[in-house]
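S.K.: Next up is a structure, given as structure tokens.
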Amino acid sequence: MGIEALIFDVDGTLADTEEAHRVAFNLAFERYRLGWVWKAPEYRELLKVTGGKERLAHYIDTLDAPPPERRRLSTMVPDIHAEKTRFYSSFVADGAVPLRDGVARLLDEALAEGCKLAIASTTTAVNIDALLRSTLGARGLDMFSSIACGDQVRAKKPAPDIYRLALRGLGLLPEHAIAFEDSPNGLRAATAAGLRTVVTPNFWTEGGDFSAASLLLPGLGDPARPLRGEPGDRLESAAWLSFDELSRRMSAVVA
Ligand code: XBP
Ligand code: MG
């Protein structure tokens, strides 16, 4: 039972996007003269709430403000988030956020072996479109057989819904696919959907509980940017995660 699809999370996994999201949120707050500034340590905590709108609503709930003011601010969440998305998607469209090491290589290796690609992300389709076009060019969107994202599901990560939607789009059972994630919420979502998961943490998620990961690596690596201590530490054949090694390793586990 080989691997028939790789399902990628976007933010933090395909690309290290959260600093751009954080800057975009702060520009939207300025635009609405809210006087809020999310600095990195606070944003790292806020990232435990997935979904930009849900994160904003959570933040407003924690504000030391009278309930009528909190209610007024809550009605502004969709507009603030739309403004933030305009800032973020323009940064990304301008090429501000590259793919993480090894991502483009692994995508191409998988496609060359007839393996399908999919996305399961909490962010919006607008943001995903901008990232795939700016990093992979016009072919970017066409590389993915299924893109499950944002508000297509009510329950966001760590709920499994978005991964189940991606699997339905692929027409596959979870045992025929591998998920790629960067965060504990994402790992929980993929695991709950029955998927084995490769986790590549980043600054915003390092130190999280990744005990359920099938494979935990600092990144995917590349011949030009090999992973320190590999092969030998966690990988057998090279200092980067190749589709061949992933395929061998994961098919063995299922068999
Ligand atoms: C990470 C998220 C998103 C982003 C912000 O998504 O939780 O909310 O932080 O994007 P992923 P939005 O599942 O790709 O890791 O403001 O568009 O939600
Ligand atoms: Mg993520």
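S.K.: What is segment 18-93's relative contact order, in percent, from Cα pairs under 8 angstrom and six or more apart in sequence?
M.R.: 43 percent
S.K.: I want to check the label-to-label distance for Asp233 and Val49. Put each point 7 Å from Cα in the C-beta direction and report it in nm to one decimal.
M.R.: 3.5 nm
S.K.: Still on this structure: In segment 18-93, what is the volume of the convex hull around the alpha carbon atoms, normalised per residue and reported in Å³?
M.R.: Spread over its residues, the Cα hull of segment 18-93 gives 82 Å³ apiece.
S.K.: log10 I(q)/I(0), Debye, Cα-only segment 103-159, no solvent, q = 0.17, 0.19, 0.26, 0.27 Å⁻¹?
M.R.: Ignoring solvent entirely, the Cα scatterers give -0.59, -0.71, -1.08, -1.12.
S.K.: Roughly what angle does helix 103-112 make with the longest principal axis of the chain, taking Cα atoms, 0 to 90 degrees, to the nearest 10?
M.R.: It works out to around 50 degrees.
S.K.: State the three equivalent ellipsoid semi-axes of segment 1-128, derived from the C-alpha gyration tensor as the square roots of 5 times its eigenvalues, in descending order and whole Å.
M.R.: After scaling each eigenvalue by five and taking roots: 34, 15, 12 Å.
S.K.: Specify the residue with the greatest mean-square fluctuation among Ala130, Ala118, Ala65, computed from a Gaussian network of the chain linking alpha-carbon atoms under 10 Å apart.
M.R.: Ala65
S.K.: Expressed as a whole number of Å, what is the distance separating the alpha-carbon centroids of segment 31-105 and segment 113-190?
M.R.: Here the answer is 21 Å between Cα centres.
S.K.: Still on this structure, I have one more. Using only the alpha-carbon atoms, how far is helix 18-31 inclined from the longest principal axis of the chain? Give it as 0 to 90 degrees, nearest 10.
M.R.: 20 degrees
S.K.: Where does each of Leu235, Leu167 land when they are ranked from fewest to most other beta-carbon atoms within 10 angstrom?
M.R.: Listed from fewest to most nearby Cβ atoms, that is Leu235, Leu167.
S.K.: For Cα pairs less than 8 Å apart in space and 6+ apart in sequence, what is the mean separation divided by the residue count of the chain, i.e. the relative contact order in percent?
M.R.: For the chain, the relative contact order is 23 percent.
S.K.: While we're here: For all pairs of alpha-carbon atoms in the chain, what percent lies in each bin of width 10 Å, listed from the first bin to the last filled one?
M.R.: Taking every Cα pair in the chain, the percentages come to 7, 31, 36, 18, 6, 1, 0.
S.K.: Ranked by Cβ crowding within 10 angstrom, fewest neighbours first, how are Ser90, Ser183 ordered?
M.R.: With the sparsest Cβ surroundings first, the list reads Ser90, Ser183.
S.K.: Something else now. Binned at 5 Å from 0, what are the whole-percent values of the Cα-Cα distance distribution for segment 62-209, short to long?
M.R.: All Cα pairs considered, the percentages come to 2, 9, 14, 18, 20, 17, 9, 5, 3, 2, 1, 0.
S.K.: Of the listed peptides 242-248, 224-230, 83-89, 6-12, what is their order by residue-averaged count of other C-beta atoms within 10 Å, with the highest listed first?
M.R.: 6-12, 83-89, 242-248, 224-230
S.K.: Related question: Based only on Cα atoms, what mean projected area does the convex hull of segment 136-235 have, in nm²?
M.R.: Mean projected area of the Cα convex hull: 7.8 nm².
S.K.: What does segment 97-136 give for Rg and for Dmax, in Å, if only its C-alpha atoms count?
M.R.: Looking at segment 97-136, its Cα Rg and Dmax stand at 11.1, 29 Å.
S.K.: Shifting gears a bit: For Lys84, go through the lysines and keep the ones whose alpha-carbon is under 18 Å away, minus same-chain ones fewer than eight residues off.
M.R.: Within the straight-line limit of under 18 Å, Lys84 reaches these lysines: Lys39, Lys53.
Quick note: the coordinates plus some simple rules give every number you see, no bench work behind them. All values derive from a computational prediction rather than experimental measurement. Neighbour counts are summed over all protein chains in view; Cβ atoms, including those assigned to glycine, are modelled from backbone coordinates with ideal geometry.
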